[in-house]
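Here the structure is laid out as structure tokens; the discussion comes afterwards.
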Amino acid sequence: MRLDKLLVEQGIGTRSEVKALLKKGLILVDGNKATRPEEKVDESSVVITYQGKDYTYKKFSYYIMNKPKGVITATEDAKEKTVMDLFYAQCKDAPKGLSPVGRLDKDTTGLLLITNDGKLAHDLLSPKKHVDKTYFVTLDGELSSDDITQLENGVHIGEGDLTAPAKVEYEGGNTCYITIHEGKFHQVKRMFFAVGREVIELKRTAFGPLKLDEEKLPLGYFSELKRESIDS
Ligand code: URA
């Protein structure tokens, strides 16, 4: 791969920025100063050093975020602050071109995956792949056993078919967990609305095999996924 392409993909700068960095001799390739943008490097083994930090090539990057309220799930927006504005303000070295996988409402908190692996993103969102998403829900009142049966068997949310089977874990009071594998617009809020309840707070606690650990990842924080999580 061309050296300048690799540097751009690793988020070191734009093509013209990395060209200028190379010209100034600020980039080391395997410990040696490199100056030619067109130099060919073996991305599977090369170590790039810039500003004292070593970079090894990663085709794709994967992060999880504990999304706070008040930001929208989009890559950019003319008016509103997006999750990616927050992300790049914190993860300055991350490669460009990352996007959130799926969507959480502006007032929803919790687990959001961010990647540039388009195939994985597509698979995780495909209704055919049945990837589970679990939400912790705070309601405006209690649930009856009939409400739970209806939510689990499927409810009408104004889209023709019933929602697909869901799992509700209710321990009394105004809170429960619900696990669904569909991802329709405002789906959880609309499902509870269908049984006469309003969602007051919504937090996603799991997405497929990924679980939110709020002690390690407070609201508004990001963490790069480890190899085992990516594989799973
Ligand atoms: N369902 C909703 O209603 N909102 C979300 O943000 C996610 C799922």
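See the values below:
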{"read-out": "Pair list, Cβ under 6 Å, 6 or more apart: region 1-26 residue more than 14 Å from Lys96 (Cβ to Cβ), other residue assigned to a strand (DSSP E or B)", "value": "Leu21/Ile27; Gly25/Lys33"}
{"read-out": "Any hit, region 214-228, residues being assigned by TED's automatic domain parsing to the domain that holds Gly102 and within 16 Å of the ligand (Cβ to nearest atom)", "value": "yes"}
{"read-out": "Members of region 87-134 that are within 13 Å of the ligand (Cβ to nearest atom) and in contact with a Pro (Cβ under 8 Å, 6 or more places away or on another chain)", "value": "Thr109, Leu112"}
{"read-out": "Within region 53-85, tally of residues that are of a type in the set (S, T, N, Q), open to solvent by 30 Å² or more (accessible area, probe 1.4 Å) and part of a loop (DSSP other than H, G, I, E, B)", "value": "1"}
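Quick grid of which residues meet (1) part of a loop (DSSP other than H, G, I, E, B); (2) within 12 Å of the chain's Cα centre (by Cα); (3) more than 19 Å from Lys226 (Cα to Cα); (4) hydrophobic (A, V, I, L, M, F, W, C):
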{"position": "Glu38", "(1), (2), (3), (4)": "yes, no, yes, no"}
{"position": "Asp42", "(1), (2), (3), (4)": "yes, no, yes, no"}
{"position": "Ile48", "(1), (2), (3), (4)": "no, no, yes, yes"}
{"position": "Lys96", "(1), (2), (3), (4)": "yes, no, yes, no"}
{"position": "Leu104", "(1), (2), (3), (4)": "yes, yes, yes, yes"}
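The values are calculated or read from the model by the stated rules, or taken from the named source; none is laboratory data. What you are looking at is a predicted structure, and each value in this text was computed from that prediction instead of being measured. All Cβ positions, even for glycine, are placed from backbone atoms using ideal geometry, and neighbour counts span all protein chains on display. We work out accessible area using only protein heavy atoms, side chains counted, and drop any ligands, DNA or RNA first. Shrake-Rupley method; radii C 1.70, N 1.55, O 1.52, S 1.80 Å.
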